[in-house]
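Values in this text are rule-based calculations from the coordinates and carry no lab data. Fair warning: this is a prediction, and the values are worked out from it, not measured in the lab. So basically every Cβ, Gly included, is an ideal-geometry build from the backbone, and we count neighbours across all protein chains shown.
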Amino acid sequence: MTTDHELFRRFENGSPDAFQALVRSWAPRLDALAWRFLGDVEEARDVRQTALLRLWTAPRAATGRRTTWLHRVVVNLCRDRLRSRRLRGRSDGGDVRIASADPAAADAAARDEVARRVAEAVASLPEAERDVVVLKQYADLSFARVAEILDIPATTAKSRMWRALAKLRVELKECAP
Amino acid sequence: MTIDPRAPISCEDARALSVDLLYGELDRAEQPRLERHLESCAECRDQQAGHQDVRKLLDRWRPDPRIDEVSRNSRRTWWRVASVAAALFVGACLLGTRVSWQDGSVTFSFAATAAVEEQTDLAASFHRLIEAAHRESNDRLRSLHEQILIELEQSERENDAAGAALVRALERRLVRERREIGAMIGRLARAAMDESALTRNAFHRMGAPIAREARGDKR
Ligand SMILES: [Zn+2]
């Protein structure tokens, strides 16, 4: 099993096979991350696509720690999209559209009311807290890595997480088990 | 640094440790300090318990099942990235075309083609494809520019304000034109992406229709 580190090193040395392997390994992760922000599969894929393109075209030395850089690109792209959605006022009752055009997915989502409520509650958090929740809770990264991606101290990441959880607790109190 | 497990900690510190505990990142050495705080602070204790429940609720939001499709289609994804890269690259070059109004004359400047490192056969053919598409698209824009220049001369406008207004109108036209070319290349990229068994040769062939469409040829 080749590690990401090894793949990135080979990619930097010009191996197109390495880029292909990176795409294979990273596309699902980036899709999943972007989807948590955007709630739309197609939009999430667009964001992943743009992020991988930037990896392909970015000056090799400019990307720092590659995995951090890739996550950061996705977070920034998602923020931009969410901001422009808000500006256009085109949010249908909340920023997250858990189900998109696919009626099967819409059914599945409707069946789990709790999932829908959670998605909405996360989407309604202030941007700074939402970013930490998505990266920590859903991308399953360490607080150290979350802090690096967001360029904040780890203590700040933790206090944002705490505040976010307190808000989510209030927001989701009717769903409590 | 050694930690005195009996040293009291603030609520703020306890919250950071509590979040660590919640996500399995708590340093064993810190555990007694957190426990001692929770024993004596009802507020932090209550929140810790509440946060644990919230965490469980957050797990209920499962990813859309379609998110995993990518991994089963990774080969296609790679080609999709490559073909869209070509389209975006050309788009960026076109967007680099500028119109300016200076000293009574209109200038069109073309962005230089950024160099793509020729690392391998594949990268080289990719590069050639981009170059061809870029050249053809710019040719189309250039002929539009020439046409516009002729119109400008015919209009014999000497007034700067009128000239500037005309340039703005021309810019709008250019934007439309670029958008059209961009959309066309996007369509081709999407068509390429949908072709499930894209081979290296197919990738080469992709260059031809892009160039043809950029020239405005009808098949
Ligand atoms: Zn306390």
key: Inter-label distance for A:T156 and A:E12, nm, one decimal - labels placed 7 Å from Cα along Cα-to-Cβ   = 2.6
query = Over all pairs of distinct alpha carbons, what does the Kirkwood formula give as the hydrodynamic radius of region B:1-60, in Å?
reply = 11.9
inquiry  = Can you tell me what percent of all Cα-Cα pairs in region A:105-177 are more than 16 Å apart?
reply    = 50
key: Estimated FRET transfer efficiency (A:D80, A:D140; beta-carbon r; R0 30 Å; 0.05)   = 0.80
message = How would A:K158, B:K56 line up from fewest to most surrounding beta-carbon atoms within 10 angstrom?
response = B:K56, A:K158
message = Counting only other chains, and only Cβ atoms inside 10 Å, what mean value do you get across the residues of B:14-21?
response = 5
query = For the residues A:T156, A:T3, what sequence is obtained by ranking on other C-beta atoms within 10 Å, fewest first?
reply = A:T3, A:T156
query = What order do you get for A:23-30, A:163-170 when each peptide is scored by the mean count of other beta carbon atoms within 10 Å, highest first?
reply = A:23-30, A:163-170
B:L26 paired with B:R62, simple spin-label distance in nm, labels 7 Å along Cα-to-beta-carbon = 3.0
Cα→Cβ-extended label distance, 7 Å offset, between B:A7 and A:L87, nm = 4.8
query = Once the Cβ-Cβ distance between A:D46 and A:D112 is put in as r, and R0 is 22 Å, what FRET efficiency do you end up with, to the nearest 0.05?
reply = 0.30
q = 0.19 Å⁻¹: log10 I(q)/I(0) that the Debye formula gives for region A:1-92, counting C-alpha atoms only = -0.84
key: Whole-Hz ³J(HN,Hα) from phi, Karplus 6.51 cos²θ - 1.76 cosθ + 1.60, for region A:145-158, glycine and proline x   = 6, 4, 5, 5, 4, 8, 6, 9, x, 4, 5, 5, 4, 5
